[in-house]
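Read-outs: derived from the displayed coordinates by stated rules, not from any lab. All values reported here derive from a predicted model rather than from experimental measurement. Every residue, glycine as well, gets a Cβ built from its backbone with ideal geometry; the counts of neighbours run over all protein chains shown.
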Amino acid sequence: MSKQILILGGGYGGLLSALTARKYFSIADAAITVVNRFPTHQIITELHRLAAGSIAEKAVSLPLDKLLRDKGVNLVIDTVEQIKPDEKKVVLQSGVTYSYDALVVALGSETAFFGIPGLQEYSFILKSVNDANRIRAHVEACLDAYKVSKNKADATIVVGGGGLTGIELVGEFADKLPELCRSKGIDFNDISLYCVEAAPSVLMGFPQELIDRAVSSLSKRGVEFITNVAITEMTKTAVTLKDGRTIETNTLVWTGGVQGNSVVANCGIEVNRGRASVTETLQSTSHPDVFLAGDSAVVIPSEGARPYPPTAQLAWQMGETVGHNMFAYFNNAPMDSFTPVFSGTLGSLGRKDAIGMIGGKQTQLKGAPATFMKEASNVRYLSHIQGLFALAY
């Protein structure tokens with residue numbers, strides 16, 4: 001009888017699980033179904049550019065049906081409401097229930113607001129195309145309002161969090177806002193652009209030389225950095241900092257933390273701080289017929305070691321490992337242990353500047369070489385999933 005493989009999530013981990021599994025399973029051997037809340041596969045690493053209006057939506061939003069249709073993978077557009085691993089069932093928001101022989105959970109992470117008053121209610125997040133579109137529309141509306149009212153809160157943008165996402169977003173704003181202001185007849189000098197980070201430095205984990213490059217590059221383009229100071233409250237028109245300062249603003253984009261997906265955390269499989277615990281073969285430690293890919297899982301390489309970071313390149317590799325291991329699982333064959341290859345970390349600082357570390361020796365890159373490598377890594381991924389083919393439609 002044909003096996004029923006259900007994959008929850010159409011991001012990096014889910015998509016690569018589906019495409020890889022289909023390489024091993026014939027259509028007669030297994031029915032593969034992907035459930036995703038959006039009809040598109042979204043290039044999350046490029047959302048900062050969409051939020052600033054630097055690229056079109058179609059560049060970061062690939063139609064899943066075109067990616068999956070020719071591979072014989074079914075697509076269901078719905079939201080996962082509940083996972084019942086003991087019953088081998090998944091309940092969707094529409095009320096439909098799916099049964100499975102093997103399940104892949106690749107639902108990603110959720111934004112962590114750390115209980116900061118008003119943050120969830122009044123801030124923007126950047127985890128989807130819809131989020132990016134909301135940010136772009138809101139910023140443009142604020143600039144239109146500022147032209148009439150001269151209300152400083154409309155001309156002030158705060159990015160909360162100085163990790164890679166926050167730095168890439170503030171860099172894109174630094175490049176795009178002067179052009180946007182000119183188009184609206186606003187003096188860019190009236191705009192205030194902040195990056196607020198609770199840690200002593202932005203880009204923690206990067207070499208100091210690259211951190212200094214990023215701060216210098218962005219400061220020259222109008223970004224003001226506030227480090228070692230946490231955000232303690234957000235209202236509709238202001239951000240309060242731990243040192244007592246208040247920044248009047250109608251725009252705070254929060255990139256300051258992630259946490260495990262609540263559906264996964266509460267479904268009954270074994271978890272570690274809200275993220276699924278997995279074996280070296282990326283199976284749930286409590287339910288071997290449940291495989292994990294991407295940010296839904298916490299992967300610890302060895303006892304006492306720090307977990308691997310939740311990144312797109314790891315989700316991609318996890319998806320491919322899971323796709324192979326499901327075939328091995330049903331055929332009583334040896335499974336692969338997940339041994340990621342770290343190709344490097346690249347971060348844009350706007351359109352023409354970037355920083356990065358590549359290769360096994362973590363060679364440092366700055367400026368044009370880093371920008372080129374950042375673009376090349378995106379093209380490489382799109383080619384790998386045949387996304388360039390999908391873009392042609």
- line: For segment 208-321, shape from the Cα gyration tensor axes a ≥ b ≥ c, cut at a/c of 1.5 then a/b versus b/c, turns out prolate
- request: Starting from segment 230-318, pick out the trypsin sites (Lys or Arg not before Pro) whose DSSP state is loop and whose Cβ has at most 10 other Cβ atoms within 10 Å.
  value: Lys236, Arg273
field: Estimated dipole of the chain in Debye, rounded to 20 [Cβ of Lys and Arg +1, of Asp and Glu -1, Cα centre]
entry: 680
query: With a sphere of radius 12 Å drawn around the Cβ of Lys152, what net charge do the other residues whose Cβ falls strictly inside it have (Lys, Arg +1; Asp, Glu -1)?
result: -2
field: Length-normalised contact order of the chain in % [C-alpha pairs under 8 Å, at least 6 apart]
entry: 19
- line: So the angle from the long Cα axis of helix 312-330 to the longest Cα principal axis of the chain, reported in degrees to the nearest 10, equals 10
- prompt: In which sequence would Leu193, Leu8 go, from the one with the fewest C-beta neighbours within 10 Å to the one with the most?
  reply: Leu193, Leu8
query: Tally Lys/Arg at +1 and Asp/Glu at -1 over every other residue whose Cβ is under 15 Å from the Cβ of Thr363; what's the total?
result: +3
- prompt: Taking a label point 7 Å from the Cα of Asn130 along the Cα→Cβ vector, which residues of segment 224-262 have an amide N closer than 17 Å to it?
  reply: 262
statement: Surrounding charge for Phe327, neighbours by C-beta under 13 angstrom, Lys/Arg +1, Asp/Glu -1, total -1
- prompt: What is the order of Thr111, Thr251, Thr339, fewest Cβ neighbours within 10 Å to most?
  reply: Thr339, Thr111, Thr251
- prompt: Do any GluC sites (Glu not before Pro) in segment 136-244 lie in a DSSP loop with no more than 15 other beta carbon atoms within 10 Å, and if so, which?
  reply: none
- line: Placing +1 on each Lys and Arg Cβ and -1 on each Asp and Glu Cβ in the chain, then taking the dipole about the Cα centre, the residue among Met326, Tyr381, Gly268 whose Cα reaches farthest towards the positive end is Tyr381
message: For the pair Ala145/Thr97, report the inter-label distance in nm, with labels modelled 7 Å from Cα in the Cβ direction.
response: 4.7
message: I'd like to compare 146-157, 349-360: which one has the highest average count of other Cβ atoms within 10 Å, and what's the full order after that?
response: 349-360, 146-157
message: Which one, Ser109, Ala52, Pro340, is farthest towards the positive end of the dipole of the chain when Lys and Arg carry +1 and Asp and Glu -1 on their Cβ?
response: Ala52
For segment 119-257, average projected area of the Cα convex hull in nm²: 8.0
Label-zone membership for segment 60-102, site Glu375, 7 angstrom Cα→C-beta point, backbone N under 19 Å: 60-61
message: Is there a quick way to get the dipole size of segment 64-138? I mean about its Cα centre, with the Cβ of Lys and Arg at +1 and of Asp and Glu at -1; what is the value in debye to the nearest 20?
response: 260
field: Estimated 222 nm signal from helices in the chain, with DSSP H stretches of n ≥ 4 weighted -39500 (n - 2.57), rounded to 500
entry: -10000 deg cm²/dmol
